[in-house]
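Report on the structure given below.
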Amino acid sequence: MKMEKNEEYLNRGMDLKRLVLYLQKRFWVVIMLIVLGATFGGVFYQVMRSVKMPVEYKAVSKLYISFDHDENGEVYQYYNGYTWNDLLDSDPIVDLIMKELPGYEESDVRESTTAEILSDIRLLTITVKGDNEKFVREIRNAVENGLKEFAKGSDELEQIKVIRSAAPERVYWDNRTTSACVTGAVVMGVLAFLVFGFHYVTDESMYVQEDVEKKYGMRALGLLTRNQKGLQPYAGELKANLRYVLGEKKAFAIVDMDNHADVRGLELERLLNREETDILGSNGGAKEEEDFGWYKVRTKEAPEKGEWEISAFGENILSEEECRKIRELGAVILLLPFGKDVGRKTSRILSLLKNQDCNIAGIIIAQADEEFLNRYYA
């Protein structure tokens, strides 16, 4: 039966309202992680941009070509971008360029220079790239002078004139810091939701009474909230369930799975020994918080003995003697902490109590969050 209940609990459907409230408590952590992810993404991109981006300079020249006429009086028009790239690699032009560049390797000059005809065949664009500003400037000047000299000795060209000669400029990658920040934020946000989602699915913490019934198949007696103010129905429901289940037994035992047994025992005693007229005013309304909130009472005097007496035990001190006392009292109630995963310890204690023939009257969820409960049951 226990294995069937555990399997049913693990295969339970998704409670969307509980999931939303669960994530709402951790929403600030998600926001913090998203901000952290955005910051990390931006910083990482800037570091990689600084480290990986090569040092490169580029200079662009615009040259105007005046074509000569052939024997039929037609202007030569077969020069295009491919033609000029081939000409720049040819010996006549390269020789003219290299005269301007003593000490440079011809292969370096060829690799660093490209020629383009973008639209008008009369406008030639020369681009020089290199890792040194001086290198780029000197090659740009040599190419311009070499092409002008080449035009003077060419039958097809009348002249080549430089109309623009730009200074070498550092080449930078596009700045995509914003994209890097957004990417980092999205990745970290998705990871955060996946982690919290996985934790929610595997979490065996108790939040509401239905959790107790589905996981352990035992009676869920109620909710012992953190601040019993008498304004919510949880205290009244818990008191009614305890009195009904225990009947004439005015003494019973509790086992607190969070090891605050003495405090929880006093809270339950004050709840059970307090009459309804002490909780409600004469007109049926709730009394002031200080009249009912036992968690506020801090006196040095020993509390007065009431009709109900509770023997409190922590889960870490149960032994043969404690189990004997529990059997003599006739009933024991387990207190599970709200929102705290004590599933494995609870299974161990339940097994112990059953083996010791202790009568388990039910389970209470202690230290429950009123705000969570009010929103969940709204």
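The values are calculated or read from the model by the stated rules, or taken from the named source; none is laboratory data. Because the structure is a prediction, the values reported are computed rather than measured. All Cβ positions, glycine included, derive from the backbone under ideal geometry; neighbour counts span all protein chains shown. Surface accessibility is based on the protein's heavy atoms, side chains included, excluding ligands, DNA and RNA. Shrake-Rupley method; radii C 1.70, N 1.55, O 1.52, S 1.80 Å.
A few points about this structure:
- Entry remark, the stretch 73-121: residues being assigned to a strand (DSSP E or B), of a type outside the set (Ser, Thr, Tyr) and at pLDDT 75 or above number 2 in total.
- Scanning the stretch 331-351 for residues that are open to solvent by 20 Å² or more (accessible area, probe 1.4 Å) and either hydrophobic (A, V, I, L, M, F, W, C) or on the phi > 0 side of the Ramachandran plot (or both) turns up Phe338, Gly339.
- Selection of the stretch 358-376 for residues being among the hydroxyl-bearing types (Ser, Thr, Tyr) and free of Cβ contacts under 8 Å to residues at least 40 places away in the same chain yields an empty set.
- Helices (runs of 4 or more DSSP H) wholly inside the stretch 165-249 containing at least 2 residues that are surrounded by fewer than 14 Cβ atoms within 10 Å (Cβ to Cβ): 177-202, 234-246
- Selected residue (criterion: nearest to the chain's Cα centre (by Cα)) from residues of the stretch 312-342 that are at pLDDT 90 or above and closer than 12 Å to Ile365 by Cα: Phe338
- Of the residues making up the stretch 33-47, at least one is part of a helix (DSSP H, G or I), at pLDDT 85 or above and within 18 Å of His199 (Cα to Cα).
- Criterion (open to solvent by 40 Å² or more (accessible area, probe 1.4 Å) and modelled with pLDDT under 90) met by exactly one of Leu16, Leu21: Leu16
- Complete set of residues in the stretch 91-123 that are of a type in the set (Ser, Thr, Tyr) and touching a Ser or Thr at 6+ places or on another chain (Cβ under 7 Å): Thr114
- Search result, residues across the stretch 122-155 that are outside any helix (DSSP H, G or I) and open to solvent by 50 Å² or more (accessible area, probe 1.4 Å): Arg122, Leu123, Lys129, Asp131, Asn132, Gly153, Asp155
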